[in-house]
Amino acid sequence: MKIPKALNTFCPKCKTHTQHQVSIYKAGKRRALAWGELRHAAENMGYGGSKKPIQRRLAKVTKKTSLKLKCSKCGYTLQRRGIRLKKAEVA
Ligand SMILES: [Zn+2]
């Protein structure tokens, strides 16, 4: 699905409709020293293999895509509710 580069929508900071810059949300880089990552590494260490089975077949064909909208007036960034798309493209 093609998504416009800019769109007019409500900004909760400006409390009116303003022009917003559109980008696609991407998850941040995982921190190797985060507590959960350390515990996961510790659980997978030694004999016994991994703690959770590897997911080989997924029920869904698509992934949820959420949009990041940045207000051109105040710079406030908001996110849209994720929708299921095979492919999202800002054009
Ligand atoms: Zn604003």
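Straightening the chain between Ile83 and Thr62 buys 6.6 nm, computed as 0.36 nm per residue apart minus the Cα-Cα spacing.
Based on Cβ point charges of +1 for Lys and Arg and -1 for Asp and Glu, what charge dipole magnitude is obtained for the chain about its Cα centre, in debye rounded to the nearest 20? Could you put the intermediate results ahead of the total?
On the way: 24 positive and 3 negative charges, 59 e Å.
Approximately 280 debye in magnitude.
Among Lys52/Lys86; Lys2/Lys51; Lys26/Lys60; Lys51/Lys87, which pairs are too far apart, with a Cα-Cα distance over 29 Å? In this structure, Lys2/Lys51; Lys51/Lys87 lie more than 29 Å apart at Cα. For region 1-75, chymotrypsin sites (Phe, Trp or Tyr not before Pro) meeting the loop criterion (DSSP other than H, G, I, E, B) and having at most 11 other Cβ atoms within 10 Å: Tyr47. Of the residues Gln55, Leu78, Val90, the one whose Cα sits farthest towards the positive end of the charge dipole of region 26-91 is Val90 (charges of +1 on Lys and Arg Cβ, -1 on Asp and Glu Cβ, taken about the Cα centre). Per residue, the solvent-accessible area of the chain (1.4 Å probe, heavy atoms of protein chains only, all protein chains present) comes to 90 Å². Using just its DSSP H runs of length 4 or more, each adding -39500 (n - 2.57), the chain gives a mean residue ellipticity at 222 nm of -3000 deg cm²/dmol after division by all residues.
Can you check what the Kirkwood hydrodynamic radius comes to for region 1-47, Cα pairs only, in Å to one decimal? Intermediate results must be reported in sequence, preceding the final value.
Details: mean 1/r = 0.0676 Å⁻¹.
Kirkwood hydrodynamic radius for region 1-47: 14.8 Å.
Please compute the net charge surrounding Arg84, taking Lys and Arg as +1 and Asp and Glu as -1 over other residues with Cβ under 10 Å from its Cβ. Let's see the in-between values first.
On the way: positive: Lys60, Lys63, Lys64, Lys86; negative: none.
In short, +4.
Only lysines eight or more places from Lys13 in sequence, or on another chain, were considered; those with a Cα closer than 17 Å are Lys68, Lys70, Lys73. Computed from the C-beta positions of Arg30 and Ser72 and an R0 of 35 Å, the FRET efficiency is 0.65 to the nearest 0.05. Backbone amide hydrogens, once placed in the peptide plane, bring Leu85 within less than 5 Å of Lys63, Thr65, excluding anything fewer than 5 places away on its chain. Within a straight-line Cα-Cα reach of under 13 Å, Lys29 can be paired with the following aspartates and glutamates, leaving aside sequence neighbours fewer than 8 residues apart in one chain: Glu37. Measuring nothing but protein heavy atoms, the accessible surface of the chain at 1.4 Å probe radius is 53 percent carbon and sulfur.
The values are calculated or read from the model by the stated rules, or taken from the named source; none is laboratory data. The shown structure was predicted, so the numbers you read here are calculated from the model rather than taken from an experiment. Glycine gets a Cβ as well: all are built from the backbone with ideal geometry, and neighbour counts include every protein chain shown. Accessible surface is based on the protein model in full, side chains and every heavy atom, while ligands, DNA and RNA are left aside. Shrake-Rupley method; radii C 1.70, N 1.55, O 1.52, S 1.80 Å.
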